[in-house]
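Written below as structure tokens is the structure these notes are about.
The values are calculated or read from the model by the stated rules, or taken from the named source; none is laboratory data. All figures in this text were calculated on a predicted structure; none of them were measured in a lab. Please note: Cβ atoms are built from the backbone with ideal geometry, for glycine as well, and neighbour counts cover all protein chains shown. Protein only, heavy atoms only, side chains kept; ligands, DNA and RNA dropped before computing areas. Shrake-Rupley method; radii C 1.70, N 1.55, O 1.52, S 1.80 Å.
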Amino acid sequence: MKKYDPKKIEGRWQKKWQSEKTFVTKDSGAKEKYILVEFPYPSGAGLHMGHMRPYMAGDISAKYWRLKGYNTMYPIGWDAFGLPAENYAIKNKVHPEVSTKKNIANAKRQLASWGTGFDWSREINTTDPDYYKWTQKIFLEFLKAGLAYEATGLINWCPKDKTGLANEEVIDGKCERCGSEVEKKELRQWYLKITDYAEKLLEGLKDLPEWPEAVKLQQANWIGKSEGAEIDFYLNFKKDPKVNENRGPDGKAAHIPVFTTRPDTIFGATYLVLSPEHLWVTLATDDKHDVLENKEEVKKYIENVKGKSDIERTALGKEKTGVELKGVKAINPATGEEIPMFIADYVLAGYGTGAIMAVPAHDERDYDFAKKFDLPIRQVVAEHFVDINTPPREGKRHAPRVVVQGIVRNTKNNTVLQIVWKKFPWKTFVIGGAEDGESLEDAVKREVFEETGYKNFSSIRKIGSEMRSEWYAEHKDENRYAHMHVYELILENDEHEEISGKEKEKHEIAWVPFDSISTSFKPVSEMPAILAGLNKKEAGVFAESGILINSGKFSEKNSEEVKKDIVEFVGGKIVTKYKLRDWVFSRQRYWGEPIPVIHCDKCGIVPVPEKDLPVKLPKVKNYEPTGTGESPLAAIEKWVNVKCPSCEQKKKETKYLVFDFDGVLGDTWEAHLHARVNMGDSPDLKDAVAKAEKYFETKPWHSRGEKYDESIHIDWSTRFAKELAKLEYDLFTDFLKEIGKIKNAKVAIVSAGSKIYSEAPIKKAKFKHTHFLGMEDHHSKEEKLEMIAEAWKVDVTELYYFTDTKADVYELENLLNRKKIIGCAWGYAGEEKLKQVLPENQILKKFKDIHKVFEPGKAKRETNTMPQWAGSSWYWLRYTDPKNKKEFADQKKQKYWTPVDLYFGGMEHTTLHLLYSRFWNLFLHDRGLVTAKEPYMKRVPHGIILGPDGEKMSKSRGNVVNPDDIIALYGADTVRVYMAFLGPHGAQVAWNDKGIIGARRFLERVFAMKEFISKNEDKNVTTLLHKTIKKVGEDVEAFSFNTAISSMMIFVNTVFESKKITKKSFEIFLIILSAFAPHLSEEIWKELGHKKTIFTEKWPTFDPKLLVSDTVKMVVQINGKVRAEIEVGASAEEKEIVEKALSEPKIGEYLEGKEIRKTIVVKGKIVNFVV
RNA sequence: GGGCGAGUGGCGGAAUUGGUAUACGCGCCAGUCUUAGGAACUGGUCCCGUAAGGGUUAAGGGUUCGAGUCCCUUCUCGCCCACCA
């Protein structure tokens, strides 16, 4: 007999599946399944045993569904951008592309060596420009939709490596690579506005019934929706009361909105806390404001906080720190009280409004802070108890009472005083009512004395906080509503007096051990709270809902029920907040998708035109981060400096120019003077002034405001203008020439001066223009510009507007495109004044400068790259159409394949990859680019495989198991079977070589089973085969691979016992085994005479009739204990079963002399006699 | 601190979902074969007890005719989040 030798057969079948395209899928077929597994990162170390688990689970599932007759796609690719490749490049000076290629080849070999049935024709790679072209394209979609934006933000910064770190590279506040403490640094970043999709992402979870609850819950928690209220707290400025007067007409200018989920506790808000980064604080501490008495102290605290790392700031059990904002008070809108304001780093700037109302009595953090800063703590919610033994009755008198309870302790023998009531079944502490005007402490002391006679106490303290307790008091026929106060009194000495006869009639006293209070006192509904209070040194914090107290008209109401009313009462509004933050979408790294954006100093952010995609990563010599936090790409000038596509486009377009020069065609002295001086055709200022003065010596100067009649004015201005224009025109001839040189220009003139005197000289200069709007057109400047734009049929923001006055800029900046307002420095205002309103590159100093306006701007590429999550956020779409050059995936193909039916992956991706890709998909779906609303119908998480030492497999721990070695030793089929057998797919298991021999033995037995082929087989073999078909099918669908293997083992063991199996049965068994051990199954299949691959076969159906036997074994129990076993017909009636059970001799023995009180029959399972 | 999950032989684990606890495999013990070792095969293997029988699913309590499974309390471990108002 041939021996089972996997080495001889496995490679051969792997090649054959490749060459015959056994697992390549077409985009058509009646029934389809899309089975996906998270694609791997091809690391230099290769795939370890732990990585293989999801691929195997996917492979078994894919093979199963294929056999079930589904057109099953099981694709694979490479998530190959990322830090390890870049770090490797830095160390070894090897281009990441080179090492990545090598690593992919290795990983591919590894995956194939397991006998996986991936469809390699659909292989993708995120670093392939043909792939990341579409990643970039999707980014541009986000940009277009306004969901991608730039902002400066605090990022994680490693001071040693001088580089920004992604969140996932920060482990416990330390750099993953060098272990140094991570700092915060402000850097320009790209963000994706995932927060816009918070609600949709949360809602979408409802459409995913087949996702594990744990995964959905984690996502929901991550999104962190909470309903609360935003309430304004108005301020009262003490240091500078004038500020209060400067409030708006309604007196409501200075206020701070706070966010709270407990508006019901507002009456207990005794101070306000702002985060150190709060905008109000920033303003209050700047140079322009002077409202704080301790500005320097506050500034110092802010500085201090800024320098702190996250671990310092959030260190476990860290003492609260903060500083009061002196000189200003807030007004509690519920009580009208003035309360102090603080800044403290326990309030986060990024959540809610960055400010809180502090309620120390009902919030642990506020309590800690209040204790430290000695701030008032006011209880406003009382815990509520209703006695379940004697609950309040309807229609009875409501009798509120202030009630005190005294717990009198003798610490010498550790006992506590108990009141034993004579007329009622009560054992209580000292209990009684407080009288009018009496303090609570006095009341409790008095009650103790009256009821017990004891009078000397070494200490007395309040236990817990005030409570509300309700019960029906039968002896008074009323519903008691107690304002309950509990005190602990430590007895100083035994001295006591006789109690009155009246009291004696009611009760007697007893000393009971302190440790037994929980059982020896009855009935006290508030006992749990008392016990908890006794154990604590302080009153503590009650953070739940209850009955409101000290809350004005809301007192004695249920805090939950009046929440909304209180919000309304203080003029707040109900709001929803999310913990989800926008996604920091840039990395200062080389090995990632370049963000396809160009920064132009004229146009700002310009998306790279689609035709220019992909923006390919350039080759560089150095991959080291620059140290400034910029990507290494920033150093590649050739790549970074580009023509601005927007400016290039504009070159070809018609330019719409409007000139508005007071200095040229206007009528002011200054204009003239400036013009001369600035133009530089006078040798010096003195000369220019002298010339001008001389010129105007004999002429009146109308702008001095003398009165004149209109005819004189016209006459005067005509003469004035003629002269002036003549003079100035000489000076501006050159400028007009320059304007003439501009290609594709349409020109208009708006003049503050008169058409009468200006038009003629312009005509004379043969200056071509379409409009000339002087002061005869009685329109405002805005209107004039709008008229011109309308005539040119362009938007008014298309106009370039040239002016020489500051006022025009002010007037028109909201109408026009700011970037197209150009100042001319030789005119009225001059360079210095123009600089106050325009950036320097929008000011012309010389005529010739006008061409700079139309020159393309200086443009640089964005040098940040995308994070590793980018490529994986949409890869599942690309598999449906991996070669498409026109779009990322054809919609027909998407519709055929998507959504993904089964998605295998790790739990660690729940809140990152899984949420990110849902976000991308929802967005693309909204843009009409994707057909499926949710990408993954069923998520199948796996438990991680630990190393043999029970620790997570990692190179540094040295416990990595290399699958190559194990395969070489036992063969791929054995490893597959063993991995499946290890444990349930969802559970974490430790890899242990010890048991693998069992899997090998099992396969060897299957191999040897050929010897048992015969014409017939035992009936139990046939029956078991059908049971096994059913079981394995069910188990694969439930991912219980371990029990599937075990049931196949049982089948093989059974065949070995009878040593007979028909060829047909053996073949059926091979088909179900083939999903787990593909090579072996194929090999035997071939040896049995089959020409075609086993994977074109159909999964066998089981015969349900065979599964039901005629008789069933049942267990007979007496009082739940098994006493006998009986065999009855499958359809036996209850009566028959009971009779049979009673006839069992053993049962008879047990039942002798006993009476059967009850008989329970569960058909096919048990009979139970209760005696 | 919060959320989620788990705890069953020497080990990995099973239990038709409330109905014979410990399937299947590893390991171990005994035997067969063999010069020997290994492999293979046969039998045994939760604990106490010679046996009859009794006990046992982290510990304790509860519901039930019946609990590994449901409920409560406590302990231990794992994962995720963590000053989120």
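So here's what we get for this one:
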{"quantity": "Two-decimal Rg to Rh for the range A:392-495 - Kirkwood Rh, Cα set", "calculated": "1.00"}
{"quantity": "Which listed pairs, of A:Lys91/A:Lys162; A:Lys1031/A:Lys1086; A:Lys21/A:Lys1063; A:Lys1135/A:Lys1165; A:Lys200/A:Lys938, have C-alpha distances above 23 Å, in listed order", "calculated": "A:Lys1031/A:Lys1086; A:Lys21/A:Lys1063"}
{"quantity": "Cα gyration tensor shape for chain A, rounded if a/c is under 1.5, else prolate or oblate", "calculated": "oblate"}
{"quantity": "Rh (Kirkwood; distinct C-alpha pairs) - the range A:801-941, Å", "calculated": "19.8"}
{"quantity": "Cut-off under 5 Å, modelled amide H: who pairs with A:Thr127 long-range", "calculated": "A:Ala80, A:Phe81"}
{"quantity": "P(r) histogram, all alpha-carbon pairs of the range A:291-379 included - 5 Å bins from 0, percent", "calculated": "3, 12, 21, 26, 23, 11, 4, 1"}
{"quantity": "Trypsin sites (Lys or Arg not before Pro) restricted to the range A:365-463 and DSSP loop, no more than 15 other C-beta within 10 Å", "calculated": "A:Arg393, A:Lys396, A:Lys412, A:Lys422, A:Lys423, A:Lys455"}
{"quantity": "Computed over chain A: relative contact order in percent, which uses C-alpha pairs under 8 Å that are six or more apart", "calculated": "13"}
{"quantity": "A:Gly857 long-range amide H proximity, modeled H, under 5 Å", "calculated": "A:Lys602, A:Cys644, A:Cys647"}
{"quantity": "Residue-level accessible surface for A:His925, protein heavy atoms, 1.4 Å, Å²", "calculated": "60"}
{"quantity": "Calculated from backbone phi, Karplus (6.51, -1.76, 1.60) coupling profile of the range A:29-43 in Hz, x at Gly/Pro", "calculated": "x, 5, 10, 10, 9, 10, 10, 10, 10, 3, 6, x, 8, x, 8"}
{"quantity": "Accessible carbon and sulfur surface of chain A relative to its total accessible area, %, 1.4 Å", "calculated": "51"}
{"quantity": "In sequence order, calculated HN-Hα J values of the range A:57-65 (Karplus, 6.51, -1.76, 1.60; Hz; x Gly/Pro)", "calculated": "4, x, 5, 4, 4, 4, 5, 4, 5"}
{"quantity": "Charge context of A:Trp78, other residues only, Cβ under 11 angstrom, K/R +1, D/E -1", "calculated": "-1"}
{"quantity": "Nearest-10 value in Å² for the accessible area of A:Asp808, using the 1.4 Å probe", "calculated": "10"}
{"quantity": "Built amide H within the under 5 Å cut-off of A:Val408, gap 5+", "calculated": "A:Leu417, A:Val430, A:Leu489"}
{"quantity": "Of A:Lys33/A:Lys933; A:Lys737/A:Lys820; A:Lys893/A:Lys1030, those spanning more than 23 Å from alpha-carbon to alpha-carbon", "calculated": "A:Lys893/A:Lys1030"}
{"quantity": "Low-density loop cleavage sites - trypsin sites (Lys or Arg not before Pro) in the range A:856-905, where at most 16 other Cβ are within 10 Å (DSSP)", "calculated": "A:Lys883, A:Lys885, A:Lys886"}
{"quantity": "Whole-number percent relative contact order across the range A:505-651, with pairs defined as alpha carbons under 8 Å at least 6 apart", "calculated": "13"}
{"quantity": "Chain A, dipole about Cα centre (Lys/Arg Cβ +1, Asp/Glu Cβ -1), debye to the nearest 20", "calculated": "6020"}
{"quantity": "Förster radius 41 Å - calculated FRET efficiency between A:Lys892 and A:Glu97, Cβ distance, rounded to 0.05", "calculated": "0.75"}
{"quantity": "Three-way shape label, the range A:17-122, alpha-carbon gyration tensor, a/c 1.5", "calculated": "prolate"}
{"quantity": "Note, ³J(HN,Hα) from phi for the range A:326-341, Karplus 6.51, -1.76, 1.60, rounded to Hz, x at Gly and Pro", "calculated": "7, x, 8, 10, 9, 10, 5, x, 8, 9, x, 6, 7, 10, x, 10"}
{"quantity": "Relative contact order %, the range A:793-899, counting alpha carbon pairs below 8 Å whose residues are six or more apart", "calculated": "17"}
{"quantity": "Loop trypsin sites (Lys or Arg not before Pro), the range A:1068-1123, which have at most 11 other Cβ atoms in a 10 Å radius of their Cβ (DSSP)", "calculated": "A:Lys1091, A:Lys1092, A:Lys1098"}
